[in-house]
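*Asks:* This structure is in structure tokens; I'll ask about it shortly.
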Amino acid sequence: MKPCPMHVPRLSAVALVWFALGAPVARADGLQNLDAFIRHSRSGSADFTQTVTAPAKPGQPARVKTSSGRFEFQRPSRFRFDYQKPFVQTIVADGKTLWLYDADLNQVTQRAQAQVLGQTPAALIAAAPDLRALQAEFTLAAAPDRDGLQWVSATPKQRDGQLQQVLVGFDGERLAALEIVDSLGQRSVLKFGRIEVNPALPASTFEFKPPAGADVLRQ
């Protein structure tokens, strides 16, 4: 059985995801930048590096794993994460179905998108049509500036899921970082680079067909 589709196998990463970035504007707080980002970024792509830190066990250091890849999205409700290192994994939301493919296991997990994306980082960044839609699912608040970025905190209103809190960092309207804490205390940090704003992405970007011979798990 695969984990929740917002958690990438081995790295327990949040699938994010999510992202694109607009041109910097006059300094604003994180909540204002999130609003501008949703309104102005209808599609986007970026490289990402993700660091996942698991809670330390007694007498042992915290376990840290790093991955990298490419992210693309088209609002509303379509996104794609291609994890390239250290393992090849793909997450695709085509508007109806969320697909998770693990190349090493040759296994695909298929889930109805509407059932799993409501209170996730992907909904927060890539799927929501406007700020009001997000406020129905999350408690949103500006967080203190740090690392030269403006931050917004998003806490799910339903507290029975795996997501505890998300912090989104902006440089103006430009998305720069994402920090995710799950209910087990695991922390995922994503940083973005080589960002393209509102590119014309072909429809095939968000299509997925299970590879021949792959095991398909429908949940």
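The numbers here are math on the coordinates, done by the rules we state, and not lab data. Please read all numbers here as calculations on a predicted model, not as lab measurements. Backbone-built Cβ (ideal geometry, glycine too); neighbour counts: all protein chains shown.
*Asks:* Could you work out the helix-only [θ] at 222 nm for the chain, with each DSSP H run of four or more residues adding -39,500 (n - 2.57) and the total divided by the number of residues, to the nearest 500 deg cm²/dmol?
*Replies:* -2500 deg cm²/dmol
*Asks:* Against the empirical 2.2 N^0.38 Å scaling, what ratio does the C-alpha Rg of the chain come to?
*Replies:* Taking N as the residue count of the chain, the ratio is 0.96.
*Asks:* Let me ask something additional. When 206, 87, 192, 73 are ordered from fewest to most other Cβ atoms inside 10 Å of their Cβ, what list results?
*Replies:* 87, 206, 192, 73
*Asks:* Counting Lys +1, Arg +1, Asp -1, Glu -1, what net charge surrounds residue 131 among other residues with beta carbon under 14 Å of its beta carbon?
*Replies:* For residues surrounding residue 131, the net value is -2.
*Asks:* Beyond 28 Å between alpha-carbons counts as too far, so tell me which of 57/191; 57/85; 157/209; 65/96 fall in that bin.
*Replies:* 157/209; 65/96
*Asks:* Another question, then. What is the order of 188, 204, 43, fewest Cβ neighbours within 10 Å to most?
*Replies:* By the 10 Å Cβ count, ascending: 204, 43, 188.
*Asks:* Fewest Cβ neighbours within 10 Å first, please rank 218, 174 accordingly.
*Replies:* 218, 174
*Asks:* Work out how much length residue 39 to residue 115 would gain on full extension: take 0.36 nm times their residue separation and subtract the Cα-Cα distance, in nm to one decimal.
*Replies:* So the extension gain works out to 24.9 nm.
*Asks:* Can you give me the relative contact order of the stretch 7-193 as a percent, contacts being Cα pairs under 8 Å and 6 or more apart?
*Replies:* 26 percent
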